[in-house]
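The values are calculated or read from the model by the stated rules, or taken from the named source; none is laboratory data. Since the model is a prediction, treat every value here as computed from it, not as a measurement. Don't worry about glycine lacking a Cβ; one is built from the backbone with ideal geometry, like all the others, and counts go over all protein chains shown.
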Amino acid sequence: MRASAYIRDNQRIERIGQLLAKALVLSSCAPSDPIVAQSESRVRNADPILMLFEQHKDLGMSEVMNLSGMSRTTAHRHLRALVTGGELIAQGKGRATRYHLPDPPKTQKA
C-alpha cells in the first residue's frame, strides 16, 4: 500500500470517528427537567471526548475541537469537568495544555 493511500485511509477513519462522536451526542433526547438536562448533556458530551482519548494518547484543545466538532467553549468546559473529575490529566498551561487519560493503577505483587 502506498503512503498516500495509507494516509487517505487514516483520514477517512478519523472522520468516521468524528461523525460517530457527533451522532452519540445528538442521538440522546434531553429530559424535561432543565437541571437534569444540563448535567446529562455534559455526560453525553464527555463520553465522546473520553472515546477520543482511547484512540489517541494525548490531545490538545484544537484537536479535541476538530475531532468532536465542539466549539472551543464547549470543549473547554467538558475537558475541565473531566480533569476535575479525575478522568483526564492536564499537562502544561494555556495553549500548550495537553490532555491524556490517567495511568492505570499499578497492581502490587503478593
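General observations
Residues checked against (1) exposed (fewer than 11 other Cβ atoms within 10 Å of the Cβ); (2) under 11 Å from the mean Cα position of the chain (by Cα); (3) at pLDDT below 70:
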{"position": "29", "(1), (2), (3)": "yes, no, yes"}
{"position": "42", "(1), (2), (3)": "no, no, yes"}
{"position": "66", "(1), (2), (3)": "no, yes, no"}
{"position": "70", "(1), (2), (3)": "no, yes, no"}
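- Subset tally (residues that are farther than 17 Å from residue 90 by Cβ and either among the acidic types (Asp, Glu) or buried (at least 18 other Cβ atoms within 10 Å of the Cβ) (or both)) for the stretch 48-64: 2
- Close pairs from the stretch 60-73: first farther than 12 Å from residue 17 by Cα and touching a residue at least 12 places away in the same chain (Cβ under 8 Å), partner of a type in the set (S, T, N, Q) and surrounded by 11 or more Cβ atoms within 10 Å (Cβ to Cβ), Cβ under 8 Å, at least 6 apart: 60/97; 61/97; 70/45
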